[in-house]
Amino acid sequence: MRCLLLTLMFISSCLSQETRPRDLTNLKTLPIKQIDFPENVPEQPTLPPLDSGWIDLGQLDSTFRFDIRYATTNNFVGLQLYPCPRCILRSEVAAAVVEVQTKLRDMGLSLKFYDCYRPQSIQYELWQKMPDARYVTPPDRGSMHNRGGAVDLTIIDEHGDELDMGTPYDFFGQEAYHTFTGHSPTVQYNRDLLKSLMEAVGFKHIRTEWWHYSYQNTMYPLSDYHWPCPDSQRAWPVE
Ligand SMILES: [Zn+2]
């Protein structure tokens, strides 16, 4: 496992250095021009999620905190894949995390989100960098993130510091598994707290990632909608 991890880290590092300039300047054209889409995926995004049934979580509750990693280079591919950070979810998924937040607030704690809805074309980007179904859902099948039904998140304390969950976000290894038994009682308590609160409102965990929860495993339609970004937040110009 150690050799595998080192190999993956090396491959990821090499890819990051080779592709960083191209990805930062031409993101919108990348999935269509350089990735072979299967026939059933439309070339142009057609679904406007914000018209109904979707909610921008940041506008729903001001106490949520966000660290949308794919809108930064601080992620496992080392590339900024979103032009600006947004946490968009199906409205019933958003309502469920608000319930969790209400309970955490009473404890002086808060949720912090690493990822929410993810356009399907970004899934192709991730799959290119990590073609391992244990960690990245194959894009032709589509991730629950591509359906607006999944969140990657953790818990922070009153100072904004993350509770110790044993590994960072997007750590690919057994230490991130729910089934790993080598963590301290504090880590186990923190993970159990997040898991019990999320599952109480209908979320399902997956075995390999302590941070990932899907709402009732509902198969909402896949989407490749790209959200608008204010000019002040946009990392590259509109084409
Ligand atoms: Zn996830």
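Determine whether Gly108 is of a type outside the set (Val, Ile, Thr), on the phi > 0 side of the Ramachandran plot and surrounded by fewer than 19 Cβ atoms within 10 Å (Cβ to Cβ). Give the derivation first.
Details: of a type outside the set (Val, Ile, Thr): yes; on the phi > 0 side of the Ramachandran plot: yes; surrounded by fewer than 19 Cβ atoms within 10 Å (Cβ to Cβ): yes.
Yes, satisfied.
Scanning region 69-92 for residues that are away from the ligand (no atom under 16 Å from the Cβ), closer than 14 Å to Ala150 by Cα and either among the aliphatic types (A, V, I, L, M) or within 13 Å of the chain's Cα centre (by Cα) (or both) yields nothing. Are any residues in region 57-76 surrounded by fewer than 17 Cβ atoms within 10 Å (Cβ to Cβ) and part of a loop (DSSP other than H, G, I, E, B), and if so, which ones? If the condition is that a residue be surrounded by fewer than 17 Cβ atoms within 10 Å (Cβ to Cβ) and part of a loop (DSSP other than H, G, I, E, B), then Asp61, Ser62, Thr63, Thr72, Thr73, Asn74 are the ones that fit.
Answer yes or no: is there a residue in region 117-124 that is of a type in the set (Gly, Ala, Ser), under 26 Å from His226 (Cβ atoms), without any contact (Cβ under 8 Å) to a residue 60 or more places away in the chain and more than 13 Å from the ligand (Cβ to nearest atom). Within region 117-124, none of the residues are of a type in the set (Gly, Ala, Ser), under 26 Å from His226 (Cβ atoms), without any contact (Cβ under 8 Å) to a residue 60 or more places away in the chain and more than 13 Å from the ligand (Cβ to nearest atom).
Elements of the type strands (runs of 3 or more DSSP E) sitting completely within region 133-239 and holding at least 1 residues that are of a type in the set (Ser, Thr, Tyr): these cover 150-156, 209-215. Residues that are in contact (Cβ under 8 Å) with a residue 40 or more places away in the chain and within 18 Å of the chain's Cα centre (by Cα): does region 177-188 have at least one? So far as region 177-188 goes, no, none of its residues is in contact (Cβ under 8 Å) with a residue 40 or more places away in the chain and within 18 Å of the chain's Cα centre (by Cα). Test Ala95 against the stated conditions and say whether it is surrounded by fewer than 21 Cβ atoms within 10 Å (Cβ to Cβ) and either more than 12 Å from the ligand (Cβ to nearest atom) or in contact (Cβ under 8 Å) with a residue 40 or more places away in the chain (or both). So Ala95 fits the description; yes. Could you look through region 125-134, keep only residues that are under 14 Å from the mean Cα position of the chain (by Cα) and within 16 Å of Arg69 (Cα to Cα), and pick out the one that is farthest from the ligand (Cβ to nearest atom)? The extreme case among them is Glu125.
Within region 140-164, restricting attention to residues that are without any contact (Cβ under 8 Å) to a residue 60 or more places away in the chain and closer than 24 Å to Leu79 by Cα, which residue is farthest from the ligand (Cβ to nearest atom)? By that ranking, first place goes to Glu162. Candidates are the residues of region 174-201 that are within 16 Å of the ligand (Cβ to nearest atom) and not charged (D, E, K, R); the one that is nearest to Glu99 (Cα to Cα) is Met198.
Each reported figure results from applying straightforward, stated rules to the coordinates on display, with no laboratory input. As the structure is a computational prediction, the values presented were derived from the model and not from experiment. Please note: Cβ atoms are built from the backbone with ideal geometry, for glycine as well, and neighbour counts cover all protein chains shown.
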